[in-house]
Every structure is written in C-alpha cells, then in structure tokens.
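Worksheet for the structure shown next.
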Amino acid sequence: METTHTAGEWTKGTNTATKDWMTIYASGKPIAEVKPINKKGERQAGDFETEEANARLIAAAPDLLEALEEAIFHVDSVFNPNLKGKCEAAISKAKGE
C-alpha cells in the first residue's frame, strides 16, 4: 500500500509537557495533539474520556485504512453495493481524493 501519511506505528500518549491533552506519535515522534473541546467548539479542560477516545481513533487510522483497502477486494459489489460504496468513499476521504 502506497501512502503519503506519516509512516510508522501510530500510538497515543499523554503530552508529558502539559499533561492536559493527548499526543499522537508515529514511530515515537509526535505528529498531532488532541485537545478536548465542548459542544460550542471551545477548549474544555478535563474531558479526558472523550479526548482519549478521539486519540485512540486517530492512532488507529493507518491500520483502519490498510484493513479497509484489503477488505474492499472481498466485498461483492453485486451482493452489497452500498457497503462497497461506503468503503470506497471512506478510503477516498482518508486519502484526500
């Protein structure tokens, strides 16, 4: 699979400098930070459950993309055309197409 995103295993961890948001790492190097916000889009301290859930999802993104790309070959477009279309749309969205 050819990718343009940051290579390496993506993981999540607590930002050691601030300890109030999660950091996403690729091969041990920080690539993104997840800060919790409220429904109004404002920074909200202390919503660590949502923050951690978001960080886990982001860290899993490369694995999810790879699995989806492999799975699409096994989806029968005649049997379930909606599922194949959803898979193709998600892959395109992830790749910025």
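Just to be sure, is A90 aliphatic (A, V, I, L, M) and either modelled with pLDDT under 75 or surrounded by 13 or more Cβ atoms within 10 Å (Cβ to Cβ) (or both)? The answer is yes for A90. The C-beta contact set for the stretch 83-95 (first residue without any contact (Cβ under 8 Å) to a residue 40 or more places away in the chain, second residue hydroxyl-bearing (S, T, Y) and assigned to a helix (DSSP H, G or I), distance under 8 angstrom, 6+ apart or interchain) is empty. Going by the conditions given, is N38 modelled with pLDDT under 75, out of contact with any Lys or Arg (no Cβ under 6 Å at 6 or more places or on another chain), loosely packed, with under 14 Cβ neighbours inside 10 Å and of a type in the set (S, T, N, Q)? Here the answer is yes, as N38 does meet what is asked. Enumerate the pairs (first residue in the stretch 18-33 and surrounded by fewer than 17 Cβ atoms within 10 Å (Cβ to Cβ); second residue anywhere and modelled with pLDDT of 85 or more and not in a strand (DSSP E or B)) with beta-carbon separation below 9 Å, excluding pairs fewer than 6 apart on the same chain, so at least 6 apart or on different chains. From residues that are surrounded by fewer than 17 Cβ atoms within 10 Å (Cβ to Cβ), the pairs are A32/I58.
The values are calculated or read from the model by the stated rules, or taken from the named source; none is laboratory data. Small disclaimer: the values here were computed from a predicted structure and weren't measured. Positions of Cβ are generated from backbone atoms using ideal geometry, with glycine treated the same way; all protein chains shown enter the neighbour counts.
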